[in-house]
Amino acid sequence: MLMAPVCQPPTLAPVRSPVMLLATGLLTASVLCVPTASSAVPAGCPTPKPGYVHRAPRALGPTGAPTPEKTVALTFDDGPSRFTPRILAVLRRFGVRATFFETGLHVSEHPGLTRRVVAEGHLLGNHTWHHEYPENVKGGWSAAYLEHELRSTGRLQRRLAGRATCFMRPPGGNKSPALLPTAHALGMSVVMWSVGTDDWDGPPQHSRSWVHTIVRNAAVGLQQRHPIVLLHDGKASHEPGSVVSSYRGNTVAALPRIIEMYQRAGYTFVGLDGLSGLPEPAPSGVATP
Ligand SMILES: [Zn+2]
């Protein structure tokens, strides 16, 4: 059963980015209760975007209308992990807002990191609980299977973040006939990507050449006006560590160069919800759990 809609504006921290200030107004408006066919969508999520999302949202201008400027969405999958704080530190240094598609299993192992991702102003996405590919699930990705995976992860994220998770990414970019209708019924847009960096495929230690490869792969998005870049702050695939390493230090090392590359090219960094900029850091002495 789907929950009855409870429409409430999200709680938002003070912001320093004028873009985020403007976008905030639109977001607040977007969650007003309007009884439509989508009223089955659970609390706090706007109507899901149709189909699979392959492009970053547009930035918002002074009137709240989308602008023609270029936008890029940096997305981090499979965390949280021990590398997440280092990713967050880079994003904070540059004032870049990103989206983190987390697995429920890793959230349950590192709830403090999920709280920190949210406290620092980023957007959470749902990447299922177990990160199983359809071929490894008896009966495949049925509606019942997906609903359970998404609900359990979303429930935990909501408890930690205080708001609904409105975006999901299927593990491995896999699809099934049940995927779109199930995610949409739960209020989630289904997000793919337009730029794969293959950062997950690197060696289990620092490698200058692999960092260069990640940056070069990310540069493909400069040919697009609204790229979504796929990166990883953890490992959730089920291959052994000897096949797919959990080391994400090369992603951390590549990230400043990727950000600077898109900044030089005039892109605005947005979360999948279209908001950009980060809130002011918490005053010193205030612990972030
Ligand atoms: Zn994944």
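The values are calculated or read from the model by the stated rules, or taken from the named source; none is laboratory data. This one's a predicted model, so the numbers in the text were calculated from it and none came from an experiment. So basically every Cβ, Gly included, is an ideal-geometry build from the backbone, and we count neighbours across all protein chains shown.
General remarks:
- Residues of region 48-70 that turn out to be surrounded by fewer than 24 Cβ atoms within 10 Å (Cβ to Cβ) and either farther than 13 Å from F167 by Cα or β-branched (V, I, T) (or both), as a count: 14
- Scanning region 246-286 for residues that are surrounded by 18 or more Cβ atoms within 10 Å (Cβ to Cβ) and at pLDDT below 95 gives D273, G274, L275, S276, G277, L278.
- Among (1) under 16 Å from the mean Cα position of the chain (by Cα); (2) within 16 Å of the ligand (Cβ to nearest atom); (3) in a loop (DSSP other than H, G, I, E, B) - the single one G241 does not satisfy: (1)
- Residue pairs whose Cβ atoms lie under 6 Å apart, separated by 6 or more positions or on different chains, with the first residue in region 214-243 and among the small types (G, A, S) and the second within 16 Å of the ligand (Cβ to nearest atom) and assigned to a loop (DSSP other than H, G, I, E, B), are A218/T197; G234/D78; G234/G79; G234/S81; A236/D78; A236/T103; A236/H131; S237/V244.
- Flag for P177 being outside any helix (DSSP H, G or I), within 30 Å of F94 (Cα to Cα) and more than 14 Å from the chain's Cα centre (by Cα): no
- Of all residues in region 51-77, those that are over 17 Å from I259 (Cα atoms) have Cβ atoms under 7 Å from Cβ atoms of residues that are among the basic types (K, R) and more than 16 Å from the ligand (Cβ to nearest atom), 6 or more apart or on another chain, in P66/R58; T67/R58.
- Single residue of region 222-238 satisfying the filter (part of a loop (DSSP other than H, G, I, E, B) and either of a type in the set (A, V, I, L, M) or under 18 Å from R86 (Cβ atoms) (or both)) that is nearest to the ligand (Cβ to nearest atom): A236
- Residues in region 176-194 that are touching a Phe, Trp or Tyr at 6+ places or on another chain (Cβ under 8 Å) and within 16 Å of the ligand (Cβ to nearest atom): 6 in all.
- Hits in region 99-146 - residues which are over 19 Å from the mean Cα position of the chain (by Cα) and among the acidic types (D, E): E135
- Among the residues making up region 69-107, those that are within 16 Å of the ligand (Cβ to nearest atom) and not hydrophobic (A, V, I, L, M, F, W, C) are T75, D77, D78, G79, P80, S81, T84, T99, E102, T103, G104, H106.
- Pairs are defined by a Cβ separation below 7 Å, a sequence spacing of at least 6 or placement on different chains, a first member in region 154-183 that is within 26 Å of E239 (Cα to Cα) and free of Cβ contacts under 8 Å to residues at least 12 places away in the same chain, and a second member that is within 16 Å of the ligand (Cβ to nearest atom) and charged (D, E, K, R); no pair meets this definition.
- So R116, is it crowded, with 20+ Cβ neighbours inside 10 Å and either within 16 Å of the ligand (Cβ to nearest atom) or closer than 30 Å to Y267 by Cα (or both): no
- Residues in region 175-232 that are farther than 30 Å from V137 by Cβ, surrounded by 16 or more Cβ atoms within 10 Å (Cβ to Cβ) and of a type outside the set (A, V, I, L, M): S207, W210, T213, G221, Q224, H226, P227.
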